[in-house]
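Chemist: If you scroll down you'll find the structure; I have some questions about it.
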(Lines give C-alpha, C1' and ligand atoms only; values in the text may rest on other atoms or scores of the structure.)
Protein backbone atom coordinates (compact mmCIF):
# COMPACT_ATOMS: atom_id res chain seq x y z
CA UNK A 1 0.00 0.00 0.00
CA UNK A 2 2.59 2.53 1.05
CA UNK A 3 0.10 5.22 2.05
CA UNK A 4 -0.81 4.32 5.63
CA UNK A 5 0.85 6.31 8.42
CA UNK A 6 2.32 3.17 9.98
CA UNK A 7 5.84 2.67 11.27
CA UNK A 8 7.11 0.68 8.30
CA UNK A 9 6.40 3.79 6.20
CA UNK A 10 6.93 6.69 8.62
CA UNK A 11 10.17 5.16 9.91
CA UNK A 12 11.73 5.72 6.50
CA UNK A 13 11.42 9.48 6.92
CA UNK A 14 12.90 9.29 10.41
CA UNK A 15 15.82 7.17 9.19
CA UNK A 16 14.83 4.29 11.49
CA UNK A 17 16.26 0.91 10.65
CA UNK A 18 13.53 -1.52 9.62
CA UNK A 19 13.94 -3.62 12.76
CA UNK A 20 13.20 -0.51 14.88
CA UNK A 21 9.86 0.22 13.19
CA UNK A 22 7.97 -1.92 15.68
CA UNK A 23 4.30 -1.64 16.60
CA UNK A 24 3.61 1.05 19.17
CA UNK A 25 0.03 -0.12 19.49
CA UNK A 26 0.56 -3.64 20.88
CA UNK A 27 4.18 -3.00 21.98
CA UNK A 28 5.36 -6.22 20.36
CA UNK A 29 8.69 -6.62 18.63
CA UNK A 30 6.83 -7.06 15.32
CA UNK A 31 7.42 -4.53 12.58
CA UNK A 32 4.27 -2.48 12.13
CA UNK A 33 3.51 -3.26 8.50
CA UNK A 34 0.32 -4.09 6.63
CA UNK A 35 0.56 -7.79 7.46
CA UNK A 36 0.95 -7.06 11.17
CA UNK A 37 -2.07 -4.77 11.20
CA UNK A 38 -4.37 -7.03 9.20
CA UNK A 39 -3.35 -10.40 10.62
CA UNK A 40 -1.54 -10.08 13.96
CA UNK A 41 -1.87 -6.94 16.09
CA UNK A 42 -3.92 -7.82 19.16
CA UNK A 43 -5.30 -4.29 19.47
CA UNK A 44 -7.40 -4.82 16.33
CA UNK A 45 -8.86 -8.23 17.26
CA UNK A 46 -12.49 -7.06 17.34
CA UNK A 47 -12.40 -5.25 14.00
CA UNK A 48 -10.38 -8.10 12.49
CA UNK A 49 -13.18 -10.47 13.50
CA UNK A 50 -15.61 -8.25 11.53
CA UNK A 51 -13.28 -8.33 8.53
CA UNK A 52 -13.00 -12.11 8.65
CA UNK A 53 -16.80 -12.43 8.84
CA UNK A 54 -16.96 -10.46 5.59
CA UNK A 55 -14.74 -12.96 3.81
CA UNK A 56 -16.88 -15.96 4.58
CA UNK A 57 -16.31 -17.53 1.15
CA UNK A 58 -13.10 -19.08 2.48
CA UNK A 59 -12.74 -21.05 5.68
CA UNK A 60 -9.93 -19.11 7.35
CA UNK A 61 -9.44 -21.68 10.08
CA UNK A 62 -8.03 -24.16 7.54
CA UNK A 63 -5.94 -21.71 5.51
CA UNK A 64 -2.45 -20.38 6.09
CA UNK A 65 -2.35 -16.76 7.38
CA UNK A 66 -0.32 -15.60 4.38
CA UNK A 67 -2.94 -17.03 2.03
CA UNK A 68 -5.73 -15.26 3.92
CA UNK A 69 -3.75 -12.00 3.80
CA UNK A 70 -3.16 -12.37 0.05
CA UNK A 71 -6.83 -13.14 -0.52
CA UNK A 72 -7.90 -10.03 1.42
CA UNK A 73 -5.38 -7.81 -0.37
CA UNK A 74 -6.33 -9.11 -3.83
CA UNK A 75 -10.05 -9.78 -3.63
CA UNK A 76 -11.53 -7.90 -0.68
CA UNK A 77 -10.39 -4.31 -1.07
CA UNK A 78 -13.74 -2.83 -0.01
CA UNK A 79 -13.85 -4.88 3.21
CA UNK A 80 -10.17 -4.11 3.78
CA UNK A 81 -10.78 -0.37 3.35
CA UNK A 82 -13.59 -0.44 5.94
CA UNK A 83 -11.32 -2.38 8.29
CA UNK A 84 -8.47 0.11 7.84
CA UNK A 85 -10.72 3.10 8.57
CA UNK A 86 -11.59 1.50 11.91
CA UNK A 87 -7.96 0.55 12.55
CA UNK A 88 -6.74 4.09 11.89
CA UNK A 89 -9.37 5.44 14.32
CA UNK A 90 -8.26 2.99 17.03
CA UNK A 91 -4.63 3.78 16.29
CA UNK A 92 -5.22 7.53 16.57
CA UNK A 93 -7.13 7.17 19.85
CA UNK A 94 -4.42 4.90 21.27
CA UNK A 95 -1.41 6.96 20.27
CA UNK A 96 -2.82 10.43 20.89
CA UNK A 97 -5.09 9.88 23.88
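The values are calculated or read from the model by the stated rules, or taken from the named source; none is laboratory data. Quantities reported herein were computed from a predicted structural model and do not represent experimental measurements. Because the Cβ atoms are built from the backbone with ideal geometry, glycine has one as well, and the counts that use them run over all protein chains shown.
Chemist: Kindly check whether there is at least one residue in segment 18-30 that is surrounded by fewer than 13 Cβ atoms within 10 Å (Cβ to Cβ), under 11 Å from the mean Cα position of the chain (by Cα) and either modelled with pLDDT of 95 or more or within 16 Å of residue 69 (Cβ to Cβ) (or both). Walk me through how you get there before you give the answer.
Modeler: Here is the first cut: in segment 18-30, the residues surrounded by fewer than 13 Cβ atoms within 10 Å (Cβ to Cβ) are 18-20, 27, 29.
Of the ones still in play, those that are also under 11 Å from the mean Cα position of the chain (by Cα) are none.
The answer is no; no qualifying residue exists.
Chemist: Hey, another quick one. Applying the selection to segment 33-66, what residues are closer than 27 Å to residue 19 by Cα and at pLDDT below 90?
Modeler: Across segment 33-66, the qualifying residues are 64, 65.
Chemist: Would you mind stating whether residue 79 is farther than 12 Å from residue 38 by Cβ, out of contact with any strand residue (DSSP E or B) (no Cβ under 8 Å at 6 or more places or on another chain), at pLDDT below 95 and part of a helix (DSSP H, G or I)?
Modeler: Values: farther than 12 Å from residue 38 by Cβ: no; out of contact with any strand residue (DSSP E or B) (no Cβ under 8 Å at 6 or more places or on another chain): yes; at pLDDT below 95: yes; part of a helix (DSSP H, G or I): yes.
Taking the combined requirement at face value, the residue does not satisfy it.
Chemist: Also: For residue 90, are the conditions met, namely being touching a helix residue (DSSP H, G or I) at 6+ places or on another chain (Cβ under 7 Å), modelled with pLDDT of 95 or more and not in a helix (DSSP H, G or I)?
Modeler: Values: touching a helix residue (DSSP H, G or I) at 6+ places or on another chain (Cβ under 7 Å): yes; modelled with pLDDT of 95 or more: yes; not in a helix (DSSP H, G or I): no.
No: the conditions fail for residue 90.
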